[in-house]
Amino acid sequence: MRLGAHAETFLERLAFRLNLGPKPLADTQAAFQFARIIMAASKAGLFEALHDGGRTAQEIAAARSTDPQATEKVLDALLAHGYLGYRDGRYKLNRLSRKWLLADSPHTVVHKLDFQEIEWRWTEGFDQWLYDGTARDMHRTLSPEEWRRYQWGMRDLSTAPAKELARRAPVPKGAEVLLDIGGSHGFYSVELCRRHPGLTATVLELPEAIPIAVEILARESMGDRVVHRAGNALEDDLGVGTCDAVLIANLIHHFDADQNLRLAQKVARALRPGGVLLVMDAMRIDSPADADQPSRRLGAVLDVYFALTSTSGTWSVEAVHNWQRAAGLSPLRPIWLQTMPGAALLSAVRSN
Ligand SMILES: C[S@@+](CC[C@H](N)C(=O)[O-])C[C@H]1O[C@@H](n2cnc3c(N)ncnc32)[C@H](O)[C@@H]1O
């Protein structure tokens, strides 16, 4: 997945090829301003105001108590970038905004946009971090309100990949016990349990995450098939030979190499013979020589972001496979997720 500005017309392509326009401004000024326009529109409920049909800018402003002139400008910016449609003087939702930007859509990302306000503030620390390398350990510094916005944001982010992961993960036939480490809202477990009728899941989460995570999970009506357990994956004993599958989704980027190796070893002990470790995350390059691989671009950006916010960063396929092998597991071929370009499912099997 390539981030940033892309040429659409012949002249734009030519200008890019000849390096005539300032790409760094497209990658920064236009990108961050439009990012904030989408977030502000979502927060103010401009998309919700179009839920039941097209409206004029004045009607939307009146419905959301926003300034009419400012509202019109924001709507036009959204229109120019394909986030809205326009007909007979009325703005309306299109496929994109109806799917992702309404709170009651099963695919909504409005909670993630809300959490991004916090992430936005964190990224202002890049300058200082670049000099002193001092990271913010986000899980130790979140306020209760930030924990709520974080867990809801993660829930939004999981919707599409959770369904794909459940469909493609090599869960052993007849599997009964799943441990979902750092599973937050539990939606990956929910989808895996829906896919595998004999499966029940325990979501191991930090105590601070539990109240909101439990509330989010309750909406799925999974009863005792998916439950939470408060704990710490780095400190807790995970048992011996009790699990058919262990999922670690979007967690290894919070841990350093030694912590990930020790976690893989604990998981290997917790698996039954034939059991599988499922690691899902955005993947970074293994060496600068691989930097042009499209599948590693998301991981390259998140590597910097998680180094700032969580003391670690993204990891390469090779690094994950090395931990899995060192733990006595046999890695399977990576499965690259279509619903989250740049993220892969790296599974490994315990053979005996
Ligand atoms: C980025 S979120 C991923 C949530 C979920 N797995 C997903 O993919 O949507 C990371 C989660 O791991 C949890 N976590 C972080 N450190 C942990 C630890 N040491 N033990 C258990 N959970 C942890 C966090 O509370 C957070 O909910």
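The values are calculated or read from the model by the stated rules, or taken from the named source; none is laboratory data. Given the structure is predicted, the values throughout are model-derived calculations rather than measurements. Positions of Cβ are generated from backbone atoms using ideal geometry, with glycine treated the same way; all protein chains shown enter the neighbour counts. Quick note on the areas: whole protein, heavy atoms, side chains included, nothing else; ligands and nucleic acids left out. Shrake-Rupley method; radii C 1.70, N 1.55, O 1.52, S 1.80 Å.
Worth pointing out:
- For the stretch 53-139, the solvent-accessible area of protein heavy atoms averages 60 Å² per residue (probe radius 1.4 Å; ligands and nucleic acids excluded).
- Taking I212, I252, I37 in turn, the Gaussian network model of the chain (Cα-Cα springs below 10 Å) assigns the largest fluctuation to I37.
- Coil-residue trypsin sites (Lys or Arg not before Pro) of the stretch 1-55, DSSP, other Cβ within 10 Å capped at 16: R2
- Each DSSP beta bridge with both residues in the chain is either parallel or antiparallel, and the antiparallel ones are about 45%.
- Cleavage-rule hits, GluC sites (Glu not before Pro), the stretch 199-291, DSSP coil, Cβ neighbours within 10 Å at most 14: E235
- Cα long-axis angle, helix 68-80 against the chain (0 to 90 degrees, to the nearest 10): 60 degrees
- Within the shell of other residues whose beta carbon sits under 12 angstrom from the beta carbon of G313, the net charge comes to -2, with Lys and Arg scored +1 and Asp and Glu -1.
- Counted by Cβ distance under 13 Å from W323, the other residues give a net charge of -1, where Lys and Arg count +1 and Asp and Glu count -1.
- Most fluctuating residue given options L101, L11, L165, as computed from a GNM of the chain linking Cα atoms under 10 Å: L11
- In a reduced charge model with +1 at each Lys and Arg Cβ and -1 at each Asp and Glu Cβ, the chain shows a dipole moment near 1140 debye about its Cα centre.
- Share of carbon and sulfur in the accessible heavy-atom surface of the stretch 26-141 [1.4 Å probe, %]: 51 percent
- Over the chain: helical MRE at 222 nm, DSSP H runs n ≥ 4 each giving -39500 (n - 2.57), nearest 500: -13500 deg cm²/dmol
- Distances between placed amide hydrogens fall under 5 Å for E176 paired with D244, all partners being 5 or more residues away or on another chain.
- Near A282: Cβ cut-off under 13 Å, other residues only, Lys/Arg at +1 and Asp/Glu at -1. The net charge is +1.
- Note that the stretch 204-214 has calculated 3J(HN,Hα) couplings of 8, 9, 4, x, 5, 7, 4, x, 6, 4, 5 Hz, one per residue in order, obtained from phi through the Karplus relation 6.51 cos²θ - 1.76 cosθ + 1.60 (θ = phi - 60°); glycine and proline are x.
- Choice from L298, L20, L251 showing the highest fluctuation, given a GNM over the chain with Cα pairs closer than 10 Å: L20
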